[in-house]
Every structure is written in structure tokens, then in C-alpha cells.
Amino acid sequence: MKRPLTRRWMVFYIAVVAALLLGTAAFILIRQSQPPGPSWKGDLSGCRSTPMEHVHHPQRLQILAPCSTVSGTVAAVQYVSAYDDLKVTITPDATVAPYLEEANDGRVVVDVIATDQLHVSAPPVGSRVTVWGAWVRDKATKTTMMLPAYRIDIDQLSSDGSILRGESVEKRAPAPRRELRLTAKTDSKVVVGGRMDVFFKATWVQAGAEKPASQIRLFTEMTTANDEGVRWKATMTDTRGVSVLHLVAIQAPGPYLLTVYAAPSGQPATARVPVYVARA
């Protein structure tokens, strides 16, 4: 026969349960009070109000903080040809650790999308950088990352450890004045499920002369009438300055706008062509 609990043991058990409940409540309050992502540094006017604009398949991401700033050391730089993304992997400062998932393994991927690569260059591996953009969670990889990242400042180079202050000025011959011209052509109307061939041509124009613009990376985006992205694809021109994309019209019937972006060597170019997807 079990002995009934003494008053002393009952008080002890109640105290333990109360401590556990208070600890849990405190943990929840701390988690709720912690911001969802690293804070933004500097003038908030530089933060984008629509951070997912031009981001391919934004539904794969969960926006945790639309305005974030992260500093760290560059561990790797990689171009992803499928969507012409520039992925910069950094080892962030210790202050970023609370915002990382276990799958991050202590690192953060900073993703510069194609439309931002005109003014955001790849930093050298080993350099210390500060990055501004949107803090998101990738639903597939279960990692947190910065996407899009639309500003990268190099704070320190790895070669000599010097701190960059201001802008460097190099003496060099004037850059040749040339213009990149880009055209896009496709059928103005295609039925749902039908094949859509899109032809691109890139040309350098200098002193009235034209020559093919080869090896130009192109990023294409199809948007609805309200500018919502529904299709993305990257490609590159051949030696003739030509590229062809073979697509299938899987969108719902309606009007669309196909836009192609190119930004080689600081020479941006854009071409647009309207497409109407009709019922079969």
C-alpha cells in the first residue's frame, strides 16, 4: 500500500512544476520579443518595399524580415546559371547566430538576383563584407538566407588586410563608348499548352558599327498584367549574339509581358515583348 504524499513533498512537486511553467513562459516571451531577422543598419529609405520583385518562385521563401543587414567573411562565390543568380556564401558575425537554422551550419547564403547584378559585384573570397537585403527562410532547404541582397559593401580585403575607405580612383584610358542593344521576338499569341519559341539577339554598337555580343548572360521573366512574376529562365548568347528559349505556355489564359535583362560590364539593356495566352 502506497503512503500518501507528505505536505513537504507536495510543496516540492508544486514548486518544480511552477518553475517549469515559468521557465517555459519566459522562453516563449523571449522568442516572441526577439526580432525575426538581423536589424537594418543605416537609412531605412534604402530598404525595398517590395523585396520579392523579380525573385524567381518567391512562394518557396518565407519573408522573416524585409529589411536586414548582415556582416561577415566571404567563404565562397558561385554563379547559378539556371536563374543567373550570384550566390555569395559568408561566415557571419556571432550576432547573427540567433537567426540561423541548424541547417545553415553556421553560414549564410547571400543571393544577388540577375536584375541587381548591374550595381552589385561579386566580392573576393576572404574579404569582409556588409550586406543589405531581405532576410528569408528557404522552405526547401530549411535555412535562413538573404534574398534578394541588393547592396554589398567590402569592408576589408583579404590580400593585405587593408580597410577600404572612400572610393579608389584608377588612371586608365577612357572606356570605349559602345551600347548594347537587345531584341526579343516570339509569337504574339499562343494557346495553353502550346510551344513558345523566344528568339533573342544582342548587338554591340560602337561608332556606328555593329557586331554580335557573344557570351552575354540573359535573364528572362514573364509577368502578368499586374506585374506578378510567373515564369523565369536564364540563357546566354552564342558567338553570333543569338539565343533561343523553347518554352511551353503553361500559364492561365490572359495577357503577359516577357522581359529580358542583360547587364554586361555596366552596360544594361532590356527588351520586352507582349504575349497573349489563349484557350485551346
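The values are calculated or read from the model by the stated rules, or taken from the named source; none is laboratory data. Just so you know, these numbers come straight off a predicted model, no measurement behind them. Ideal geometry is used to build each Cβ from the backbone, glycine not excepted, and the neighbour counts take in all protein chains shown.
Summary of computed values
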| read-out | value |
| --- | --- |
| Any hit, the stretch 191-210, residues being assigned to a loop (DSSP other than H, G, I, E, B) and among the acidic types (Asp, Glu) | no |
| Residues satisfying the stated conditions in the stretch 100-112, i.e. surrounded by 13 or more Cβ atoms within 10 Å (Cβ to Cβ) and over 15 Å from the mean Cα position of the chain (by Cα) | Leu100, Glu101, Asn104, Arg107 |
| Boolean, Ala122 is buried (at least 21 other Cβ atoms within 10 Å of the Cβ) and touching a strand residue (DSSP E or B) at 6+ places or on another chain (Cβ under 8 Å) | no |
| Output for the stretch 211-230, where each listed residue is in contact with a helix residue (DSSP H, G or I) (Cβ under 7 Å, 6 or more places away or on another chain) and either farther than 21 Å from Gly266 by Cβ or outside any strand (DSSP E or B) (or both) | Ile216 |
| Some residue of the stretch 35-51 being touching a Ser or Thr at 6+ places or on another chain (Cβ under 7 Å), in a strand (DSSP E or B), surrounded by 12 or more Cβ atoms within 10 Å (Cβ to Cβ) and outside the structural domain of Glu221 (by TED's automatic domain parsing) | no |
| Residue in the stretch 125-153 that is farthest from Trp40 (Cα to Cα), counting only those that are of a type in the set (Lys, Arg) and in contact with a strand residue (DSSP E or B) (Cβ under 9 Å, 6 or more places away or on another chain) | Lys139 |
| Given (1) within 17 Å of Val55 (Cβ to Cβ); (2) assigned to a loop (DSSP other than H, G, I, E, B), index of the condition Lys233 fails | (2) |
| Exclusive hit being outside any loop (DSSP other than H, G, I, E, B), crowded, with 19+ Cβ neighbours inside 10 Å and either of a type outside the set (D, E, K, R) or modelled with pLDDT of 95 or more (or both), set Thr130, Thr115, Thr91 | Thr115 |
| Filter result for the condition that a residue is farther than 20 Å from His57 by Cα, in contact with a strand residue (DSSP E or B) (Cβ under 7 Å, 6 or more places away or on another chain) and at pLDDT below 95, over Ala280, Ala209, Ala184, Ala225 | Ala280 |
| The lone exception for Gly72 - which of (1) free of Cβ contacts under 8 Å to residues at least 60 places away in the same chain; (2) part of a strand (DSSP E or B); (3) more than 19 Å from Arg151 (Cβ to Cβ) it fails | (3) |
